[in-house]
1. Using a/c under 1.5 as the rounded threshold, could you call the range 40-89 rounded, prolate or oblate? The axes a ≥ b ≥ c are square roots of the C-alpha gyration tensor eigenvalues, and prolate needs a/b larger than b/c, oblate otherwise.
2. Probe radius 1.4 Å, ligands and nucleic acids ignored: give me the carbon and sulfur share of the accessible area of the range 98-209 as a rounded percent.
3. Could you tell me what percent of the DSSP beta bridges with both partners in the chain are antiparallel, to the nearest 5?
4. So, by mean Cβ neighbours within 10 angstrom, what's the order for 212-221, 172-181, 34-43, 111-120 with the highest one leading?
5. Putting +1 on Lys and Arg Cβ atoms and -1 on Asp and Glu Cβ atoms, find which of Ala250, Val273, Tyr205 reaches farthest to the positive end of the dipole of the chain.
6. First select every other residue whose beta carbon is under 10 angstrom from the beta carbon of Leu110; then total the charges, Lys and Arg +1, Asp and Glu -1.
7. Quick one: what are the phi-derived ³J(HN,Hα) couplings along the range 175-185, Karplus 6.51/-1.76/1.60 with θ = phi - 60°, whole Hz, x for glycine and proline?
8. (i) 166; (ii) 156; (iii) 134: which one is volume of the Cα convex hull per residue in Å³ as calculated from this entry?
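The values are calculated or read from the model by the stated rules, or taken from the named source; none is laboratory data. All figures in this text were calculated on a predicted structure; none of them were measured in a lab. Cβ: placed from backbone, ideal geometry, glycine included. Neighbour counts: every protein chain shown. Ligands, DNA and RNA are stripped out before the accessible areas are found, and what is left, the full protein with its side chains, is counted by its heavy atoms. Shrake-Rupley method; radii C 1.70, N 1.55, O 1.52, S 1.80 Å.
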Amino acid sequence: MLVDGKWMEKWQPVQKADERGRFVRQVSSFRSWITPDGRPGPTGEGGFEAEPGRYRLYVALICPWASRTLIARKLKGLEEMIEVTVVNPILTDQGWRFGGFPGADEDPLLGARYMHEIYTRADPHFTGRATVPVLWDMKRDVMVNNESADILRMLDTAFEHLVPSDIRLYPKAYAAEIDVLNPRIYDLLNNGVYKAGFATSQAAYDEAMNGIFATLDELENRLTGNFLIGDTLTETDLRTFVTLIRFDAAYHGLFKTNRRAIRDYPRLSAYLVRMLQVPGIRETIDMEHILQGYYSIKALNPLGVIPKAPEHVQLLFEQSK
């Protein structure tokens, strides 16, 4: 954790819990937006105009929040617009680091060893966790945004005049429905698995588990079409998919979310296959990074033994070819 720009202690999965032992996630600090003309977005300052080759996305393939931005970049055809740097999946005492693992990159901009160095470059007095994803402006040498929900939205529209796309992840016709579903899925499922895994009381764990499986039951019943909102792929699918694809391989065992597995839900299992068949999504998922990353959390797996992906998870990838 950084305190006034200085790394003060070994990385820990839980930096804050409430009075009932519930895991509390850090609020993102950098909230500016890339827009077509550089005008300010819904939050933050202006000056970040959509331009080819100006921005870099820092991600971890283990991380579901980063994963949904990586998927959006792929679906919207922005590979040549926005460069990507992938961090090492294994969490160190100083958090995310660069290089040293297959598929992980060295930092090409600053030659940083750790992600927290990117944060102190952005703000020499930053206090908090150095999280991913991060959207960095290479022209102004500043951090634009480190909130995945914001990044997902701006990738959907900011570059549309440069790279037109038939895909709209936040279509106006479904905006109201998306805005109802997203917070519930985030709180009870996306963040819910973390609230279960990092609970520091039995009551907090039980509460998180009830929320997780009530949401999975709800989603199972909802899936009467190809996607969560009829037959239209939206950002809600991306938000949901990144948790579901990690569930049986990581959360079910390591986070003790073991009341049921995704394979016990026929519609959700079929949904995962359909999502993996969407051109561009499958290439963004690296199960080795996911397993190595989650099982490197010493507080949850002190001996560091890394399991293999369950056979039925591997089969999902085979079925999606």
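1. Working: a/c = 1.93, a/b = 1.51, b/c = 1.27.
Prolate shape, in that a/c is at least 1.5 and a/b is the bigger ratio.
2. Numbers: 2520 of 4830 Å².
Carbon and sulfur: 52 percent of the exposed surface of the range 98-209.
3. Numbers: 15 of 21 bridges.
Looking only at bridges with both residues in the chain, the antiparallel portion is about 70 percent.
4. On the way: 212-221: 17.2, 172-181: 13.2, 34-43: 14.9, 111-120: 19.8.
Sorting 212-221, 172-181, 34-43, 111-120 by mean packing, highest first, produces 111-120, 212-221, 34-43, 172-181.
5. The residue sitting most towards the positive pole is Tyr205.
6. Details: positive: Arg113, Arg121; negative: Asp107, Glu117, Asp141.
Local charge sum for Leu110: -1.
7. Each residue's phi maps through the Karplus curve to give 4, 5, 5, 4, 5, 7, 6, 3, x, 5, 5 Hz.
8. Entry (iii).
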